[in-house]
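A short worksheet on the structure shown next.
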Amino acid sequence: MSDITDYSVSDLSRLIRLRKISCSEVMQSYLSKINKYNKKYNAIVSILDENFLMNAAKEADAELDHGQYRGWMHGIPHAIKDLAYARGLMTSEGSPIIAGTLSKKDDLFVSRIRESGAIFIGKTNTPEFGLGSQTYNEVFGVTRNAYDPSLTAGGSSGGAASGLATHMLPVADGSDMMGSLRNPAAFNNVIGFRPSQGRVPVFYGYYPNTDTFYQQLSTDGPMGRNIEDMTRLLLTMAGPDKRVPLSLKDKMPAYEKMVSADLSNTKIGWLGNYNGYLPMENGVLGLCEKALSDLENTGLIIENCHPNFEMENLWQTWLVLRFWSNQWIKPFYENLEQRRLLKPEVIWEFEGAMKVTGEQLSQAGSSRVQWYQSLLHLFEDYDFLALPSAQVFPFSADISWPKSINNKKMDTYHRWMEIVVGGTLSGLPVINLPAGFDGKGRPMGIQFIGKMGKDAELIEFAMAYEKNTSFLEKRPVLEV
């Protein structure tokens, strides 16, 4: 390839290990790409000094000269999502309150990426405190879609997805509470994987006393340009940790041990828009359904299905549990000077959190169990469940969020992303795979939900999907 940044991170890793390409060449290529395009797309923030990074790459080369190999990401440039803390990197969480914080510790998954040999170059942009599926903030501004910079990159891992799709990053980490690995991946035509709850233990070096027993909505996870890249980063991030009591104890197989699934023996339950419950922008359902029907020549079986559950009750369950998880906003809210720096959606989240009662929380917990059981029942008939990754195509980067879908008013700032809530509340593994592009060239993706703890099975299905589709081959035409 004429451009080093066009190689997959897995291929780069092999070439570096074989000494067919140097870490310095890789770093220089990515810095050149960032210097050329990041001003337009604003995917990467808090970038470290270029001389410092080039020296780090030269040190990685010197280590190889002396037989020292730190892992599969040895010498690979990497940017951490700006919600996470990485030793020696500035963190803002998209907030002017936090901006300028220099972290002295790594979050758990960050330490694992560091130990695998990555060179941290900076952060990827995120909405304020990660709240919202549109990546903009008062600190760094808006991140733009790789396929059309007038459109949103999604969020909250918008910087990660845009950076991947523009090839300013070889691979990326993200986090997902309300589709934050799935929605931006769909909007930028890359892979986003929300692992089974506990697969990637969540432990924050900066906030070591964060609740790890009850707060089970968010998880960290990988994004990649292809399935292999995504999987290799997942295997780096995954694995139990004694500080996280509910982390999964089983070990996933190495990527080399995974085998592309036989689609002729695979049955998909198509959830669609939950029998008309969810409003959808025209074209979303049709595009996803065509992507699936085009695979029927492989023997893949696709049937419509619907969970035995009242969907509006799922949304109310989500509101209660999400409100409750946002109690951390309290010190910022009570400080009047800092409150003035919070965007309205953050204030709304905390004021909602203050109204949650113990009875509501108990009912929401029970409802969540019932939702999980309704999906278990569907898995008696289907190998995987599927539905679109978003209810709308990427929209203008100049608006905060869609106020309506097909003339149906959205009553909260995140109601337009209701379609991702079911995957989150189930705790099951969910992957976004590309579904193609509409007539305006806007990307869309499909969520595939797997069985609890069966992340490897979901990945093997994704390997087969990737092999039988060509959506990932369509690259964006970048603007300067």
Roughly how compact is segment 200-350, stated as its Cα Rg over 2.2 N^0.38 Å to two decimals?
1.41
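With only Lys, Arg, Asp and Glu charged, each at its Cβ (+1 for the first two, -1 for the last two), find how big the charge dipole of the chain is about the Cα centre; round to the nearest 20 debye.
It comes to approximately 640 debye.
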First measure r as the distance between the Cβ atoms of Asp211 and Lys330, then evaluate 1/(1 + (r/R0)^6) with R0 = 22 Å and state the FRET efficiency to the nearest 0.05.
0.95
Karplus-derived HN-Hα couplings along segment 343-358 (A = 6.51, B = -1.76, C = 1.60, θ = phi - 60°), whole Hz, x at Gly and Pro:
6, x, 5, 5, 4, 4, 4, 6, 5, x, 4, 5, 9, 5, 9, x
Just the Cα atoms of segment 394-480: what Rg and Dmax do they give in Å?
16.0, 44
Got the relative contact order for the chain handy, in percent, Cα pairs under 8 Å and 6 or more residues apart?
17
Of the candidates Val420, Ala186, Gly141, the farthest towards the positive dipole end of segment 11-473 (Lys/Arg Cβ +1, Asp/Glu Cβ -1, centred on the Cα centre) is Gly141
Distance in nm between label sites at Glu25 and Lys403, each 7 Å beyond Cα in the beta-carbon direction?
5.4
Using a 7 Å offset from the Cα along the Cα-to-Cβ direction at both Val477 and Arg339, what is the distance between the two label points in nm, to one decimal?
5.1
Largest-first ellipsoid semi-axes for segment 1-126, taking √(5λ) over the Cα gyration tensor eigenvalues, angstrom
25, 17, 12
For the chain, calculated [θ]222 nm from helices alone, where every DSSP H run of n ≥ 4 adds -39500 (n - 2.57):
-10000 deg cm²/dmol
Along the positive direction of the dipole of the chain (beta-carbon charges: Lys, Arg +1; Asp, Glu -1; about the Cα centre), which of Ser264, Gly276, Leu458 reaches farthest?
Leu458
Values of log10 I(q)/I(0), in the order q = 0.17, 0.31 Å⁻¹, for segment 384-434 under a Debye, Cα-only, solvent-free model:
-0.61, -1.28
Expressed in nm to one decimal, what extension gain is obtained for the pair Thr412 and Met54 from 0.36 nm per residue of sequence separation less their Cα-Cα distance?
124.3 nm
State the Kirkwood hydrodynamic radius of segment 329-480 in Å, one decimal place, computed from all pairs of distinct Cα atoms.
18.9
Within segment 410-454, which residues have the backbone N less than 18 Å from the label spot 7 Å out from Tyr277 along Cα→beta-carbon, could you tell me?
410-412, 414-428, 447-450
Stick to the Cα atoms of segment 70-173, pair each with every other, and give me the Kirkwood hydrodynamic radius in Å at one decimal.
13.7
Is there a pair in Lys123/Lys355; Lys20/Lys123; Lys440/Lys474; Lys343/Lys403; Lys40/Lys440 whose C-alpha atoms are over 23 Å apart, and which pairs would that be?
Lys123/Lys355; Lys20/Lys123
For labels at Val244 and Asp65 in the simple 7 Å Cα→Cβ model, what's the distance in nm?
3.8
Where the eigenvalues come from the Cα gyration tensor of segment 11-473, what are the semi-axes √(5λ) of the equivalent ellipsoid, largest first, in whole Å?
31, 27, 22
Return the tail of the calculated pair distribution for segment 12-64, meaning the percent of Cα-Cα pairs more than 15 Å apart.
50
I want the local charge near Trp315. Using Cβ-Cβ distances under 9 Å, sum +1 for each Lys or Arg and -1 for each Asp or Glu among the other residues.
-1
Distance check, please: which entries in Lys105/Lys242; Lys290/Lys454; Lys251/Lys451; Lys267/Lys454 exceed 24 angstrom between their Cα atoms?
Lys290/Lys454
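Coordinate-derived values only; no laboratory data. These numbers were taken from a predicted model, which means no experiment stands behind them. Please note: Cβ atoms are built from the backbone with ideal geometry, for glycine as well, and neighbour counts cover all protein chains shown.
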